[in-house]
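A.B. asks: This is the structure, below, for whatever I ask next.
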Amino acid sequence: MKITINWEEIDNEEKFYDVFLPQVKAPKWHGRNLAALNDSLITGDINEIEPPYTIINMNTVSAKEKITDFQREVLYIFTDAAIKNKGIEVIIR
């Protein structure tokens, strides 16, 4: 399973969640914040789509400046999840 995030098209945090959450088939009650993202990836048993999967982060250097701090936090969570759960692979392009 591949989950794709095109950072060039994300101009705010809400847009990120609009792109990411449907791909993992997150429940409607899934939080739209970094803590909830971390919980759903690290703890698991929240989203319909569970590992193994690959999270492909495209155009990371083309992210809008106003979103780069958020992007850094998201990429940290993705990478931490990959380290803690062998079923998650993270690709950063």
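A.B. asks: May I ask for the net charge around residue 36, where only other residues with Cβ less than 13 Å from the Cβ of residue 36 are counted and Lys, Arg are +1 while Asp, Glu are -1? Could you put the intermediate results ahead of the total?
C.D. replies: On the way: positive: 28, 32; negative: 13, 39, 73.
So the surrounding residues net to -1.
A.B. asks: For residue 66, list the lysines whose Cα falls under 23 Å from its own Cα; do not include residues on the same chain fewer than 8 positions away.
C.D. replies: By straight Cα distance, residue 66 reaches 15.
A.B. asks: What number comes out for the charge environment of residue 78, summing +1 per Lys or Arg and -1 per Asp or Glu over other residues with Cβ under 12 Å away?
C.D. replies: -1
A.B. asks: With springs only between Cα atoms under 10 Å, which of 70, 78, 16 fluctuates most in a Gaussian network model of the chain?
C.D. replies: 70
A.B. asks: What is the magnitude of the charge dipole of region 2-92 about its Cα centre, with +1 placed on the Cβ of each Lys and Arg, -1 on the Cβ of each Asp and Glu, and no other charges, expressed in debye to the nearest 20?
C.D. replies: About 140 debye.
A.B. asks: To continue, here is another question. If I take every Cα pair under 8 Å that is 6 or more residues apart in the chain, average their sequence separation and divide by the length, what percent do I get for the relative contact order?
C.D. replies: 39 percent
A.B. asks: Provide the net charge surrounding residue 10, with neighbours chosen by a C-beta distance below 10 Å and charges set as Lys +1, Arg +1, Asp -1, Glu -1.
C.D. replies: Counting the neighbours of residue 10, the net charge comes to -4.
Just so you know, all these numbers are worked out from the coordinates, no wet-lab data involved. Given the structure is predicted, the values throughout are model-derived calculations rather than measurements. Positions of Cβ are backbone-derived with ideal geometry, glycine not excepted, and every protein chain shown enters the neighbour counts.
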